[in-house]
Amino acid sequence: MKIAILSRNESLYSTRRLKESAEERGHQVKVIDVLKCYMNITSLKPTIHFKGEKLDQFDAVIPRIGASVTFYGTAVLRQFEMMNVFPLSESVAVTRSRDKLRSMQLLARKGVGLPVTGFAHNPDDIQDLIKEVGGAPLVIKLLEGTQGIGVVLAETHKAAESVIQAFMGLNANIMIQEYIKESGGSDIRCFVIDGKVVAAMKRQGPEGEFRSNLHRGGSASLVRLTPQERSTAVRAAKIMGLNVCGVDLLRSNHGPLVMEINSSPGLRGIESASNKDIAGMIIEFIEKKVHGSSQSQNRSKTRGKG
Ligand code: ADP
Ligand code: MG
C-alpha cells in the first residue's frame, strides 16, 4: 500500500513509529506537512499538490493533525477523502473531536456518562452557570485547549467567577465543569482501535497538580479496566465515529465519566506503559480496511462531506 501520514514533523515519536511499522510491513510511506499542501477543488478530479508534486494513488491516509492546524489540516484530509483515499479517521470525526463542547453534546445525546458541564456566552449568566454545575470547586476549560493548557481548577466561588470573567473578556469560548475530586489528579487513557480497547494506562499528575497530562509532567502506568470502563470507551469512540482514538476517562464515585476524546492520540506513553506495538496494530487495521473490502466499501462513510 501507499500510505500518507499527515504530520508536520517526521521526527515526532508517533509519526516515526507509524512510518517504521508501515515500512516494516512492506508499505510505502510519505510524511506530508499539511500546511505545505495546496489543492484543486474541482468536481470531477480533485487533486492535492505538495512541493510541486501531485499527490495521487495513495491507498490510505493517517491524519496526525496538530490542534493548531485543525482547520487547514482537516480540509486537506477532506480532499484525500474526495479522492477516495481511505482515511484512518474521517475529517468530520476529527473536527468533532477538536471541539470539546460539540463532543460532549454528541456523547450526552447518547447517554454516555460525563462530568456535569455548563456553557454560556453572556457574563450576566455566570452566577447561575456556576450553580448549575454544582458550585466551586469547578474546572474551567477553553473549548479548543490541548495538553492541559487552558484547563483551570477554580477552588472557590470567587476564583471561579473571576477566571470565567477573564476568559469571557478575552472572547474565549469556555465550558465549566464539575470537578471530579475523587479521581485524585489522575485519569485513564483508553486506546481504542476498531471498536476495541487495545491498551489502557493511568496517568497521574505530579504532586499538587490536578491535571494528569503527560505534557504537564504526569506519569503513566498500566491499569486494569473494569468492564464498564471498557464499554464506555468503546461506545464513546463509536459515537464520535473514530476508528482510532484515545478516550480519557475520570474514575468518579458514580462510575467512569468521559472527559475527552483525542483523535490523534500519542503513541509514546501508551506503547511504553503497555509494552505493545500499537503502531503495528494501527497499520494492521488499515490493511484490513483497504484490502478486506471492495473499493466502494472501504472508503470513508462521509467521503469528504462537511
Ligand atoms: P486537555 O485537552 O488540555 O488535555 P482535558 O479536558 O483533558 O484537557 O483536561 C486536562 C486534565 O485536567 C485531565 O487530564 C484531568 O487530569 C484534569 N481534569 C479535566 N477535567 C477535570 C474534571 N472535570 N475533574 C477533575 N479533573 C479534571
Ligand atoms: Mg486531555
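The values are calculated or read from the model by the stated rules, or taken from the named source; none is laboratory data. Owing to the predicted nature of the structure, the values given are computational and were not obtained by experimental measurement. Glycine gets a Cβ as well: all are built from the backbone with ideal geometry, and neighbour counts include every protein chain shown. The area values use the complete protein model at the heavy-atom level, side chains included, leaving out ligands, DNA and RNA. Shrake-Rupley method; radii C 1.70, N 1.55, O 1.52, S 1.80 Å.
So the values come out like this:
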| quantity | calculated |
| --- | --- |
| Residue in region 253-284 that is nearest to the chain's Cα centre (by Cα), counting only those that are within 18 Å of L242 (Cα to Cα) and among the charged types (D, E, K, R) | E260 |
| So V133, is it β-branched (V, I, T), surrounded by fewer than 18 Cβ atoms within 10 Å (Cβ to Cβ) and under 25 Å from the mean Cα position of the chain (by Cα) | no |
| Any chance A172 is part of a helix (DSSP H, G or I), open to solvent by 20 Å² or more (accessible area, probe 1.4 Å) and among the small types (G, A, S) | no |
| So V69, is it closer than 28 Å to A236 by Cα and open to solvent by less than 10 Å² (accessible area, probe 1.4 Å) | no |
| Which numbered condition E182 misses (of (1) in contact (Cβ under 8 Å) with a residue 60 or more places away in the chain; (2) under 20 Å from the mean Cα position of the chain (by Cα); (3) within 10 Å of ligand 1 (Cβ to nearest atom)) | (2) |
| Residue list for region 237-251, restricted to those being in a helix (DSSP H, G or I) and open to solvent by 20 Å² or more (accessible area, probe 1.4 Å) | K238, I239 |
| Selection count, region 75-102, where residues are assigned to a helix (DSSP H, G or I), within 15 Å of the chain's Cα centre (by Cα), in contact (Cβ under 8 Å) with a residue 12 or more places away in the chain and surrounded by fewer than 23 Cβ atoms within 10 Å (Cβ to Cβ) | 5 |
| Residue satisfying all of: in region 252-264; more than 10 Å from ligand 1 (Cβ to nearest atom) and surrounded by fewer than 23 Cβ atoms within 10 Å (Cβ to Cβ); nearest to K2 (Cα to Cα) among these | G255 |
| Tally, over region 237-251, of residues that are over 18 Å from V223 (Cβ atoms) and within 15 Å of ligand 1 (Cβ to nearest atom) | 1 |
| Selection within region 140-149 - farther than 16 Å from Q165 by Cβ and either within 8 Å of ligand 1 (Cβ to nearest atom) or in contact with a strand residue (DSSP E or B) (Cβ under 7 Å, 6 or more places away or on another chain) (or both) | L143, G145, T146, Q147, G148, I149 |
| I3 being outside any loop (DSSP other than H, G, I, E, B) and touching a Leu at 6+ places or on another chain (Cβ under 6 Å) | no |
| Selection status of R224, open to solvent by 40 Å² or more (accessible area, probe 1.4 Å) and in contact with a Ser or Thr (Cβ under 7 Å, 6 or more places away or on another chain) | no |
| Matching residues in region 224-272 - criterion: being among the hydrophobic types (A, V, I, L, M, F, W, C) and away from ligand 2 (no atom under 16 Å from the Cβ) | L225, V234, I239, V244 |
| Residue list for region 265-283, filter: within 16 Å of ligand 1 (Cβ to nearest atom) and open to solvent by less than 10 Å² (accessible area, probe 1.4 Å) | P265, I270 |
| Some residue of region 201-218 being within 16 Å of ligand 2 (Cβ to nearest atom) and farther than 22 Å from V139 by Cα | yes |
| Region 162-184, residues that are under 12 Å from L142 (Cα atoms) and within 16 Å of ligand 2 (Cβ to nearest atom) | I174, M175, Q177 |
| Among the residues listed as R235, R216, the single one being at pLDDT 95 or above and among the charged types (D, E, K, R) | R235 |
| Where a residue in region 207-218 is over 18 Å from R251 (Cα atoms) and its partner, wherever it lies, is within 8 Å of ligand 1 (Cβ to nearest atom) and open to solvent by 50 Å² or more (accessible area, probe 1.4 Å), with Cβ under 8 Å and at least six apart | H215/Q147; R216/Q147 |
| Residues (away from ligand 1 (no atom under 16 Å from the Cβ) and assigned to a helix (DSSP H, G or I)) located in region 215-236 | P227, Q228, R230, S231, V234, R235 |
| From the options I48, I62, residue that is outside any helix (DSSP H, G or I), over 16 Å from the mean Cα position of the chain (by Cα) and crowded, with 17+ Cβ neighbours inside 10 Å | I48 |
